[in-house]
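A.B. asks: The structure is given below, and queries will be raised subsequently.
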Amino acid sequence: MYTTELQKTAKVASTEDPDKLAAFEARVAADEFIEPKDWMPEAYRRTLTRQISQHAHSEIVGMLPEGNWITRAPSLRRKAILLAKVQDEAGHGLYLYSAAETLGTSREEMIEALHSGKAKYSTIFNYPTLTWADIGAIGWLVDGAAIMNQVPLQRTSYGPYARAMVRVCKEESFHQRQGYEIMMAMAAGTADQKRMAQDALNRWWWPSLMMFGPPDENSPNTAQSMRWRIKRETNDELRQKFVDITVPQAGALGLTVPDPALGWNEARGHYDFGEIDWEEFYSVVRGEGPVARERMQARREAWEQGAWVREAAAAHAEKHSRKQEAA
Amino acid sequence: MASLPPIDIPPATTGNGAFDAPADDPNGALFDYLLRLGDDSLVLGQRLSEWTGHAASVEVDLSLANIALDLIGQATLLLDYAGEVEGRGRDGDKLAFHRDVLDFRNCLLVEQPNGDFAQTMARQFLFSTWQRRLLRHLAGSADARIAAIAEKAVKEVTYHAELAAEWVIRLGDGTEESRRRMMDGLEWMARFVPELFEADGLTAFLAERGVAADPDSFRADYEEEVGAVLAAAGLPLLPQQRPILGGRRGHHSEHLGHLLCTMQFLPRTYPEAVW
Ligand SMILES: [Fe+2]
Ligand SMILES: [Fe+2]
Ligand SMILES: [Fe+2]
């Protein structure tokens, strides 16, 4: 997901003051929010910084695949909706960078970590948007998966993160709806449009399931994160929920989910689905996704080519405040 | 020598290059005027949306997308209305996606390439400052529909003009490099300012009827406002040269065709499709 644990394990150092640690754990267990000024274990701070900044990076990198189609949106209404959506994602990036900054890491440091490849972002944005139907599939599936993940995060234990998620979630349902609407128009459209819609589902289905992160037995941090209420549901639980909700939606579109093993399991009350290609997932995490290089190149170029703008703004602000002092 | 087949030569336009819209046809004139307004917004909105995801900071990205969104909204209202006035069953989408360069009526300024951020802001500043004054007049238009659209749009454009003026000052005053880039950007765009004030038979015809605004009536104010911002930025006045005209008659720069290629590709490739 936007926030899966893709990196090292969070070890709680034994150097933490046991009384403070016990008090902290009691507060978290009682569903109290932890605020920036409160005492927190270093591992909690590290894990959260990593998770929130990863989430912020995902919002920002996620503007690229959709930005790829704004100039080619097929109607004025679609262009306006997509612009509004991508603008929302930029806003989400901002709230999340601010939330992460309350933990003591600056936005510059986080962006530096992204550009050097040290920080990760959601694997999903390393896939290309080839046709207009991909914009539908992203809204429907990717934002759909994001909602699945973010709704429980509104009750995550870190106050600024939880509050950022409340604002984000309000906008995500519009994102999903506009995506599904695009799919509806195309699935009910001409033969060319249907072909694009089915092809988009074929390409985006499995990467969407991968967004929820590795299976629980390979997710070393899940237990600790659940205990600290950083995470409220496991990867596999969220993935199952997503499949259960999304499969009937694909049916309503008249599209076929590209999984021969997919089927309703009466006994479990859930859909069974096929094995995910975890080799692909881990390779994309390593930065080997089809357009991973293009995404990082675009981000670095924007940052480097914008350096003179940021410097000019800082220089002007500096001169301005000196003038005000002198006055 | 084999003779070539005869060529049908269309009748020459009236006058010596002047605008040839039928000034005695109120609906035709109104349609053309709405295209001018709508195409300005559409083409600039399209240009700005090219920035998405590539700006100097998330905040800048947000503000550019925000302006683009406002402009696309204005274009939709204006072109839908143009289609109604024309009465041939075309709506905003038909007009936006199924016309070629000769039928676009935007000014040359808005179709200029983004260049660097300074060039983009130079274009925005020179255009939005003009558009705001135009819309203020149009908010009192005798055409109720134009008045309503202008009243809504003028609030948006006030923000665009302020944001752009702030950037012109910031970049002009900031560093050596930003000042140089800002001057280059303004120099690139300045050629196209006179066109904004070009008054032809069509504007005169509609202004007389209280529908359009005569741009000449706010030219002095515009120049004063631009001059004040440039002074605050420590930048020289805009360079003067022979005006470059043509956009309002469908004679554009080379850039517009490429912009339309991108923008119109889907509806033109799949004319049967509904999106
Ligand atoms: Fe998102
Ligand atoms: Fe988002
Ligand atoms: Fe979203």
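The values are calculated or read from the model by the stated rules, or taken from the named source; none is laboratory data. These figures come from a predicted structure and were not determined experimentally. Backbone-built Cβ (ideal geometry, glycine too); neighbour counts: all protein chains shown. Areas reflect the complete protein model, heavy atoms only, side chains present, ligands, DNA and RNA absent. Shrake-Rupley method; radii C 1.70, N 1.55, O 1.52, S 1.80 Å.
A.B. asks: Please work out which one of (1) of a type outside the set (Phe, Trp, Tyr); (2) open to solvent by less than 50 Å² (accessible area, probe 1.4 Å); (3) within 16 Å of ligand 3 (Cβ to nearest atom) is the condition A:Glu233 fails and give its number.
C.D. replies: (3)
A.B. asks: Ok, one more. Residues that are outside any loop (DSSP other than H, G, I, E, B) and open to solvent by 50 Å² or more (accessible area, probe 1.4 Å): does region A:207-215 have at least one?
C.D. replies: The answer is no, given that none of the residues of region A:207-215 is outside any loop (DSSP other than H, G, I, E, B) and open to solvent by 50 Å² or more (accessible area, probe 1.4 Å).
A.B. asks: Under 7 Å between Cβ atoms, which residue pairs at least 6 apart in sequence (or on different chains) link something in region B:80-108 that is within 14 Å of another protein chain (Cβ to nearest Cβ) and surrounded by fewer than 22 Cβ atoms within 10 Å (Cβ to Cβ) with a partner that is assigned to a helix (DSSP H, G or I) and acidic (Asp, Glu)?
C.D. replies: Going by the 7 Å Cβ cut-off, the qualifying pairs are B:Asp91/B:Asp80.
A.B. asks: Which residue is farthest from ligand 1 (Cβ to nearest atom), if the candidates are limited to region A:74-106 and must be among the β-branched types (Val, Ile, Thr) and crowded, with 23+ Cβ neighbours inside 10 Å?
C.D. replies: Step one: filter region A:74-106 for residues among the β-branched types (Val, Ile, Thr), giving A:81, A:86, A:102, A:105.
Cutting the leftovers down to crowded, with 23+ Cβ neighbours inside 10 Å gives us A:81, A:86.
Details: A:Ile81: 15, A:Val86: 10 Å.
Of everything passing the filter in region A:74-106, A:Ile81 is farthest from ligand 1 (Cβ to nearest atom).
A.B. asks: Still on this structure, please answer the following. Across region A:44-89, what is the total count of residues that are part of a helix (DSSP H, G or I), of a type in the set (Val, Ile, Thr) and more than 14 Å from ligand 3 (Cβ to nearest atom)?
C.D. replies: Number satisfying all stated conditions: 4.
A.B. asks: Go through region A:168-193 and give me each residue that's part of a helix (DSSP H, G or I) and polar (S, T, N, Q). First the steps, then the outcome.
C.D. replies: Of all residues in region A:168-193, those part of a helix (DSSP H, G or I) come to A:168-187, A:191-193.
Result: A:Ser173, A:Gln176, A:Gln178, A:Gln193.
A.B. asks: Still on this structure, please answer the following. Filter region A:290-322 down to residues that are open to solvent by less than 30 Å² (accessible area, probe 1.4 Å), more than 9 Å from every other protein chain (Cβ to nearest Cβ) and closer than 19 Å to B:Arg181 by Cβ, then give me how many there are.
C.D. replies: 0
A.B. asks: So A:Leu64 clears everything in (1) within 15 Å of ligand 1 (Cβ to nearest atom); (2) open to solvent by less than 10 Å² (accessible area, probe 1.4 Å); (3) within 11 Å of chain B (Cβ to nearest Cβ) except one condition, right? Which one?
C.D. replies: In the conditions (1) within 15 Å of ligand 1 (Cβ to nearest atom); (2) open to solvent by less than 10 Å² (accessible area, probe 1.4 Å); (3) within 11 Å of chain B (Cβ to nearest Cβ), A:Leu64 misses (2) alone.
A.B. asks: Follow-up question, since we're still on this one. Of the residues B:Gly234, B:Gly257, which is assigned to a loop (DSSP other than H, G, I, E, B) and not aliphatic (A, V, I, L, M)? Reasoning before the result, please.
C.D. replies: Values: B:Gly257 fails: assigned to a loop (DSSP other than H, G, I, E, B).
On inspection, the qualifying residue turns out to be B:Gly234.
A.B. asks: Something else about it: Condition check: more than 14 Å from every other protein chain (Cβ to nearest Cβ) and modelled with pLDDT of 95 or more. Does A:Ile135 satisfy that? Let's see the steps before the verdict.
C.D. replies: Values: more than 14 Å from every other protein chain (Cβ to nearest Cβ): no; modelled with pLDDT of 95 or more: yes.
Here the answer is no, as A:Ile135 does not meet what is asked.
A.B. asks: Which pairs have Cβ atoms under 8 Å, sit 6 or more apart or on different chains, and link a residue in region A:78-89 that is more than 7 Å from chain B (Cβ to nearest Cβ) and among the basic types (Lys, Arg) to one that is within 14 Å of ligand 1 (Cβ to nearest atom) and assigned to a helix (DSSP H, G or I)?
C.D. replies: Cβ pairs passing all conditions: A:Lys85/A:Glu66; A:Lys85/A:Gly139; A:Lys85/A:Phe174; A:Lys85/A:His175; A:Lys85/A:Gln178.
A.B. asks: Now for a different question. From the list A:Asp143, A:Asp134, exactly one residue is open to solvent by less than 10 Å² (accessible area, probe 1.4 Å) and under 30 Å from B:Leu260 (Cβ atoms). Which is it? Walk me through how you get there before you give the answer.
C.D. replies: Numbers: A:Asp143 fails: under 30 Å from B:Leu260 (Cβ atoms).
Unique residue meeting the criteria: A:Asp134.
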